[in-house]
Amino acid sequence: MDKAPMTAEGYDRLLQELKHLKTVERPSVIKAIAEAREHGDLSENAEYHAARERQSFIEGRVLEIEDMISRAQVIDTSKLSGDTVKFGATVTLADEETDEEATYQIVGANESDISRGRLSITAPLARGLIGKGVGEVVEVTTPNGAKSYEIVQVHFQ
């Protein structure tokens, strides 16, 4: 079983989602199934089938989250430091063509959200950045061709 790196914030979010699914969603769907059963013939009962489908989704998500939690290697990024890019680092990059800057935090695969500046450790850009320092140039192959980025800043929050 491979350990998956994860920030403490990402781990806490998973725990909150798991608690919500078990204490709110699961009892709610069980109640909905019971109510739908009272309506009679289950073969033509759309409410029943919708509730069962929702229950299946919830149970699948609970198993998925429990698996992620069991494999999590929680890394407290506030205790990290240095001037090279590693897991948990917040990196500011400058596009070599346009000089546009973008800032990303390197996080675990299941907590990535590029719209919030959270880049998965498994993403090609993150893999290219690991081990590099300020001033170094990283070339990454994208669907639109090769892109070059200069590392402007590396810090840990």
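The values are calculated or read from the model by the stated rules, or taken from the named source; none is laboratory data. The shown structure was predicted, so the numbers you read here are calculated from the model rather than taken from an experiment. Note: ideal-geometry Cβ built from the backbone for every residue, glycine included; neighbour counts use all protein chains shown.
Given the residues 39, 49, which is the only one that is touching a Leu at 6+ places or on another chain (Cβ under 9 Å) and either closer than 20 Å to residue 11 by Cα or surrounded by 11 or more Cβ atoms within 10 Å (Cβ to Cβ) (or both)? None of the others qualify; the one that does is 49. Residues that are more than 32 Å from the chain's Cα centre (by Cα), of a type outside the set (S, T, N, Q) and not in a loop (DSSP other than H, G, I, E, B) within segment 21-46 comprise 34, 35, 36, 37, 42, 44, 46, listed in sequence order.
Please find, among 44, 97, 101, the residue that is surrounded by fewer than 16 Cβ atoms within 10 Å (Cβ to Cβ), free of Cβ contacts under 8 Å to residues at least 12 places away in the same chain and more than 23 Å from residue 12 (Cα to Cα). First the steps, then the outcome.
On the way: 97 fails: free of Cβ contacts under 8 Å to residues at least 12 places away in the same chain; 101 fails: free of Cβ contacts under 8 Å to residues at least 12 places away in the same chain.
Residue meeting the stated conditions: 44.
Per-residue answers, yes or no, for (1) out of contact with any Leu (no Cβ under 6 Å at 6 or more places or on another chain); (2) of a type outside the set (Asp, Glu); (3) assigned by TED's automatic domain parsing to the domain that holds residue 17:
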| site | (1), (2), (3) |
| --- | --- |
| 83 | yes, no, no |
| 88 | no, yes, no |
| 93 | yes, yes, no |
| 111 | yes, no, no |
| 119 | yes, yes, no |
| 122 | yes, yes, no |
| 132 | yes, yes, no |
| 135 | yes, yes, no |
| 143 | yes, yes, no |
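Determine whether segment 85-93 contains at least one residue that is outside any strand (DSSP E or B), buried (at least 20 other Cβ atoms within 10 Å of the Cβ), hydrophobic (A, V, I, L, M, F, W, C) and touching a helix residue (DSSP H, G or I) at 6+ places or on another chain (Cβ under 7 Å). Taking every residue of segment 85-93 in turn, at least one turns out to be outside any strand (DSSP E or B), buried (at least 20 other Cβ atoms within 10 Å of the Cβ), hydrophobic (A, V, I, L, M, F, W, C) and touching a helix residue (DSSP H, G or I) at 6+ places or on another chain (Cβ under 7 Å).
Go through segment 119-140 and count every residue that is more than 18 Å from residue 99 (Cα to Cα) and either β-branched (Val, Ile, Thr) or out of contact with any strand residue (DSSP E or B) (no Cβ under 7 Å at 6 or more places or on another chain) (or both). Summing the residues that are more than 18 Å from residue 99 (Cα to Cα) and either β-branched (Val, Ile, Thr) or out of contact with any strand residue (DSSP E or B) (no Cβ under 7 Å at 6 or more places or on another chain) (or both) in segment 119-140 gives 5.
Return the residue satisfying two criteria in turn: it lies in segment 1-31 and is aliphatic (A, V, I, L, M) and touching a Lys or Arg at 6+ places or on another chain (Cβ under 7 Å), and of such residues it is farthest from residue 69 (Cα to Cα).
Start the filter on segment 1-31 by keeping residues that are aliphatic (A, V, I, L, M), which leaves 1, 4, 6, 8, 14-15, 18, 21, 24, 29-30.
Checking the rest, the ones that are also touching a Lys or Arg at 6+ places or on another chain (Cβ under 7 Å) come to 1, 4, 21, 29.
Numbers: 1: 12, 4: 9, 21: 15, 29: 24 Å.
The qualifying residue farthest from residue 69 (Cα to Cα) is 29.
Just checking, does segment 69-82 include any residue being acidic (Asp, Glu), modelled with pLDDT of 90 or more and not in a strand (DSSP E or B)? No: zero hits.
Go through segment 1-41 and give me each residue that's of a type in the set (Lys, Arg), out of contact with any strand residue (DSSP E or B) (no Cβ under 7 Å at 6 or more places or on another chain) and either touching a residue at least 60 places away in the same chain (Cβ under 8 Å) or outside the structural domain of residue 59 (by TED's automatic domain parsing) (or both).
So in segment 1-41, the residues of a type in the set (Lys, Arg) come out as 3, 13, 19, 22, 26, 31, 37.
From what is left, the residues that are out of contact with any strand residue (DSSP E or B) (no Cβ under 7 Å at 6 or more places or on another chain) are 13, 19, 22, 26, 31, 37.
Of everything in segment 1-41, just one residue is of a type in the set (Lys, Arg), out of contact with any strand residue (DSSP E or B) (no Cβ under 7 Å at 6 or more places or on another chain) and either touching a residue at least 60 places away in the same chain (Cβ under 8 Å) or outside the structural domain of residue 59 (by TED's automatic domain parsing) (or both), namely 13.
If you go through segment 108-157 and keep only what is within 21 Å of the chain's Cα centre (by Cα), part of a strand (DSSP E or B) and of a type in the set (Gly, Ala, Ser), you end up with just 120.
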